[in-house]
Amino acid sequence: MSNDQQPGRSARHLALPQIGAEGQERIISSTALLIGIGGIGCATASYLASSGVGHLILCDFDTVDASNLGRQVLYGPADIGKLKVTQAAARLAVMNPDVRLTEITDRLGGAALTKAVLQSDVVVDGCDNFATRFQVSDACVANSRCLISGAAIRFEGQIAVFGPDYSTSPCYRCLYQEADESLDNCAGNGVLAPVPGVIGTMLAVETLKFLAAVSGSRPGQLSLYDAMSAKWQQLAIKKRTDCPACS
């Protein structure tokens, strides 16, 4: 395999007929852009690194706060006040020294966002604000990149896969509009600590399936998780005929 990945690390993937040597080679040769290294992003990054994704681009401008420690599992008390991306990269490098890690500590937008998206095979968005989500989605639509998106609040979470072909499938703006920016956030409403981890782990699952070309994911399907009932629900996202991004 390429990238000098340790053979033992990939053994269980190689044993899966849906992945095998060809699928694992795709994973190792891939680049994933992660937007937001918070509760969701920590779980996603951990599993993508441990699974052997060859290059992870980590993007987050925030620093570690004591209130993060319950759910953002890549950080500890000694990291408070330090950049999340820097501390996360250090942990991931220990987890898998063969993974290439690129750190972006600025708020991405415009040409810089486009450049990062174009460098990636897939974009994973676990950030906590609509403005960034809309910008990331628009960049993915404009550059035909798969977007795997997740969010969590209280006892609830959601994931969705968009693209990379937006000619017939919906984008993130087909699901939410600018007026939805007033929706609740976890800072003001709380979140059960493991719920972002559940969502982040599922984002990693969808990302690996996409990179390995495993069939099964349906672009434009919203999966809702309710931790109180431990149930998942799937809903179809309709493509908006008036969507400003993908119509």
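Each reported figure results from applying straightforward, stated rules to the coordinates on display, with no laboratory input. These numbers were taken from a predicted model, which means no experiment stands behind them. Ideal geometry is used to build each Cβ from the backbone, glycine not excepted, and the neighbour counts take in all protein chains shown.
With the simple spin-label model, which puts each label point 7 Å out from Cα in the Cβ direction, the Ile80 to Ala131 separation comes to 2.8 nm.
Charging the Cβ of each Asp and Glu at -1 and of each Lys and Arg at +1, and nothing else, the dipole of region 10-89 about its Cα centre rounds to 120 debye. Applying a threshold of 31 Å to the alpha-carbon distances of Lys115/Lys239; Lys209/Lys238; Lys115/Lys231; Lys82/Lys238; Lys209/Lys231; Lys84/Lys209 flags Lys115/Lys231; Lys82/Lys238 as lying beyond it. Under a crude label model (7 Å from the Cα following the beta-carbon direction), how far is Ala15 from Leu69 in nanometres? About 3.8 nm separates the two model spin labels. With the Cα gyration tensor of the chain giving a ≥ b ≥ c as the square roots of its eigenvalues, does the rule (a/c under 1.5 for rounded; else a/b larger than b/c for prolate; else oblate) give rounded, prolate or oblate? It is rounded, given that a/c, with a ≥ b ≥ c, falls under 1.5. When only the Cβ of Lys, Arg, Asp and Glu is charged (+1, +1, -1, -1), the dipole of region 12-236 relative to its Cα centre reaches about 400 debye.
Each label point was placed 7 Å from the Cα along the Cα-to-Cβ direction; for Arg100 and Gln119 their separation is 1.0 nm. Were the residues from Asp242 through Phe61 laid out at 0.36 nm apart, the gain over their Cα-Cα distance would be 61.9 nm. Under a model in which nothing but the beta-carbon of Lys, Arg (+1) and Asp, Glu (-1) is charged, region 53-136 shows a dipole of about 20 debye around its Cα centre. In terms of surrounding Cβ atoms within a 10 Å radius of their Cβ, Arg12, Arg173 rank from fewest to most as Arg12, Arg173.
Only one residue of Pro97, Ile27, Ile37 has its Cα farthest out toward the positive end of the dipole of the chain, where Lys and Arg carry +1 and Asp and Glu -1 on Cβ, and that residue is Ile27. Output the DSSP H helices from the chain with an along-axis C-alpha extent of no less than 20 Å and a mean Kyte-Doolittle hydropathy no less than 0.0. Length and hydropathy pass: 194-211.
Computing FRET efficiency as 1/(1 + (r/R0)^6) for Leu224 and Asp165, where r is the C-beta to C-beta distance and R0 is 22 Å, gives about 0.35. Ordering of 88-97, 212-221 by packing is 88-97, 212-221, highest average first (other Cβ atoms within 10 Å, averaged per residue). Of the beta bridges in region 12-236, as assigned by DSSP with both residues counted there, near 50 percent are antiparallel.
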